[in-house]
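The values are calculated or read from the model by the stated rules, or taken from the named source; none is laboratory data. These figures come from a predicted structure and were not determined experimentally. Neighbour counts run over all protein chains shown; Cβ positions are idealised from the backbone, glycine included.
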Amino acid sequence: MQINTDYYQIDDLLTEEHKMVRGAVRDFVNQEIKPVIDQHAHDHTDIPDLMKKLGAIGALGPYIPEKYGGAGLDQISYGLIMQELEAGDSAVRSSASVQSSLVMFPIHQYATEEQKMKWLPKLASGELIGCFGLTEPNHGSNPAGMETKFVDKGDHVVLNGAKMWITNSPIADIAVVWAKDEEGVVRGMVVERGMEGFTTPETHNKWSLRASKTGELVFENVKVPKENLFPDIKGLKGPLSCLNSARYGISWGVIGAAIDCYETAVKYSLERTQFGKPLAGFQLQQKKLAEFLTEITKAQLLCWRLGTLKNEDKASPAQISMAKRNNVKMAIDIARESRQILGGMGIVGDYPMMRHAANLESVITYEGTHDVHLLITGMDITGINAFG
Ligand code: TGC
Ligand code: FAD
């Protein structure tokens, strides 16, 4: 049965290329992710060769120019890719987000030509896996307080400190790390697996994003060659500019999770009969379905407009915060409420709601918490910083 999730005909605003990209990723998710995701989430295991598979369909660094191995696509295509991947699972979208927006983006934006040629093509193909180290045990929402630091030793720097909650750190080949120099200025560098004193312990016992790995980055007197430092970018705007790109992708991604829950709930409520008629025939259940579709449609419009602004390089960080905050809340609410429509069946892994809801508990926390994004909007309205 075909369920309409394009209620405001947003497809009319998309190009043939957008629709082709979306279709290709949707096919990939239906064939490679949906049949296996429940088992991987249950077993807390990675999908084998996920990054290489994502590379093969052009989902890693889609907006990075082809010269560096990217697909040279626009921001709407990037968003649609994130949406389709997260319909499969947030862990899959997360892996693609981190690689694209938090590893390839800063290398493309801030690295030397030599550094770009060294890392970007292999990251685009999935031959190399990257991770992004900003958060620390004592500094999450407030990365300005970071304690990880390095000292200049001529041809190399010596790095000490620790990062926490790092997506894919246990399987990463390289880490984009943000640390302070001796003057307390934030700088970015690429730390490579195998460098002495660099370890990536896994964080166990997660009840969210179970189909991907999360871990730490620990630096004990790690000698990082100067050629691994980004030459010019200084200050917190370096890492925060990467977050703009990742938060934008998340705003689209969570629509995919919401649609997966919505479609499941519509189908189930039409098939399941109680008190002599389908669940879908009761007003209370129709209210839920109508509200889900309304919220999905609003989120789609927000993303489409944000994408067009981003294509023109006009999207402000505060506009991105509004979309991230609104859309993740929309998706987590739909995951929780749609689970109820399935009654007891909503709690088993045969249906995706519990998995999406548990994943979205991370998504509402990472890339700036729900509260942090509200305060960013508040500051944009009032000009008053209410963080401190
Ligand atoms: P503040 O003093 O406001 O700004 C410092 C400098 O940064 C600039 N700036 C930005 N630049 C680009 N994009 C943004 N979004 C920016 N926000 C601020 C600002 O203009 C300033 O530049 P300059 O030239 O004057 O130095 O900074 P603050 O310390 O007061 O912090 C502001 C705040 C709280 C909004 C920021 O710290 C924040 O966003 N905190 C949340 C932390 C966060 O989101 N961490 C995410 C870690 S990565 C992650 O979660 C990955 S999960 C990935 C996955 O698995 O999908
Ligand atoms: P805290 O900052 O301690 O916040 C705790 C609570 O206090 C939150 O509710 C917050 O909203 C609230 N709070 C904080 N400050 C204020 C304030 N000023 N006013 C009001 N309320 C406030 N980080 C990376 O660098 N790289 C990654 O790849 C990465 N991946 C992640 C993957 C997962 C699965 C998770 C869970 C996290 C990941 N993170 C990553 C870290 C993530 O960005 C942080 O968890 C997030 O920024 C919040 O930081 P915190 O957990 O330290 O919470």
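When you go through ILE250, ILE233 one by one, which is the residue that is aliphatic (A, V, I, L, M) and over 19 Å from the mean Cα position of the chain (by Cα)? Being aliphatic (A, V, I, L, M) and over 19 Å from the mean Cα position of the chain (by Cα) holds for just one of ILE250, ILE233, which is ILE233. Residues in region 207-241 that are of a type in the set (D, E, K, R) and out of contact with any helix residue (DSSP H, G or I) (no Cβ under 8 Å at 6 or more places or on another chain) were compared, and the one that is farthest from MET51 (Cα to Cα) is LYS234. The residue that is farthest from LEU209 (Cα to Cα), among those in region 58-102 that are of a type in the set (Phe, Trp, Tyr) and not in a loop (DSSP other than H, G, I, E, B), is TYR68.
Kindly indicate whether any position in region 312-327 is in a helix (DSSP H, G or I), closer than 21 Å to LYS34 by Cα, of a type in the set (A, V, I, L, M) and within 17 Å of the chain's Cα centre (by Cα).
No, every residue in region 312-327 fails to be in a helix (DSSP H, G or I), closer than 21 Å to LYS34 by Cα, of a type in the set (A, V, I, L, M) and within 17 Å of the chain's Cα centre (by Cα).
Contact map, region 89-114: first residue under 20 Å from ASP49 (Cα atoms), second residue within 12 Å of ligand 1 (Cβ to nearest atom) and among the charged types (D, E, K, R), Cβ cut-off under 6 Å, separation 6 or more or different chains; pairs are ARG93/GLU86.
Taking residues in region 349-362 that are in a helix (DSSP H, G or I), and partners anywhere that are basic (Lys, Arg) and at pLDDT 95 or above, the pairs with Cβ atoms closer than 7 Å and at least 6 places apart or on different chains are MET353/ARG339; MET354/ARG339; ALA357/ARG336; ALA357/ARG339.
Give me the strands (runs of 3 or more DSSP E) completely within region 152-206, filtered to those with at least 3 residues that are away from ligand 1 (no atom under 15 Å from the Cβ), surrounded by fewer than 20 Cβ atoms within 10 Å (Cβ to Cβ) and at pLDDT 95 or above, ordered by residue number.
156-167
The C-beta contact set for region 372-388 (first residue part of a loop (DSSP other than H, G, I, E, B), second residue surrounded by 14 or more Cβ atoms within 10 Å (Cβ to Cβ), distance under 7 angstrom, 6+ apart or interchain) comprises ASN385/MET379; ALA386/LEU375; ALA386/GLY378; ALA386/MET379; PHE387/LEU375. Note on region 119-151: residues that are closer than 14 Å to PHE105 by Cα, crowded, with 21+ Cβ neighbours inside 10 Å and more than 16 Å from ligand 2 (Cβ to nearest atom) amount to 3.
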